[in-house]
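Here's the structure, in structure tokens; my notes come after.
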């Protein structure tokens, strides 16, 4: 990404990733929103994050997404705010949110493709993350 942006905290960048995936199909489901909340509540990376700021961070992401080239801007914020070793974490969290309502829309799949390309994730890492999510969210 060549776009100049103001970086955010690592936690905010991960939230931007999850919110953007959830908003990709223009409808943020209750399951997706609950999954984002659960992730922020339970994962170690969010241990020092003030959960009361979650809505404000999500709204800030939404404002960026509404701008011209909003998706490119958000992707630039994500990639510039995270160290490369956290790129797979960002992708894994996006996949978790996509799987939360047990139905992944085409727009969400497209965003995942754009995200993995923007973060230059290797295909084996992507496959492992996606396979793990399928196993966790499979229904009988």
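Taken together, the values in this text are just the output of simple stated rules run on the coordinates, not laboratory data. No experiment lies behind these values; they were computed from the predicted model shown. Note that we place each Cβ from the backbone using ideal geometry, even for glycine, and neighbour counts take in every protein chain shown.
Of all residues in the range 102-114, those satisfying the criterion of being crowded, with 18+ Cβ neighbours inside 10 Å and either more than 15 Å from residue 29 (Cβ to Cβ) or within 12 Å of the chain's Cα centre (by Cα) (or both) are 108, 111, 112. Does the range 104-115 contain at least one residue that is under 21 Å from residue 6 (Cα atoms) and out of contact with any strand residue (DSSP E or B) (no Cβ under 8 Å at 6 or more places or on another chain)? Yes, the conditions are met somewhere in the range 104-115. Could you say which residue among 65, 54 is within 21 Å of residue 114 (Cβ to Cβ) and surrounded by 15 or more Cβ atoms within 10 Å (Cβ to Cβ)? Result of the check over 65, 54: 65.
If only one of 99, 135 is farther than 17 Å from residue 8 by Cβ and loosely packed, with under 15 Cβ neighbours inside 10 Å, which one is it? Within the list 99, 135, the selection yields 135.
Among the residues making up the range 115-131, a single one is surrounded by fewer than 15 Cβ atoms within 10 Å (Cβ to Cβ) and in contact (Cβ under 8 Å) with a residue 24 or more places away in the chain: 120.
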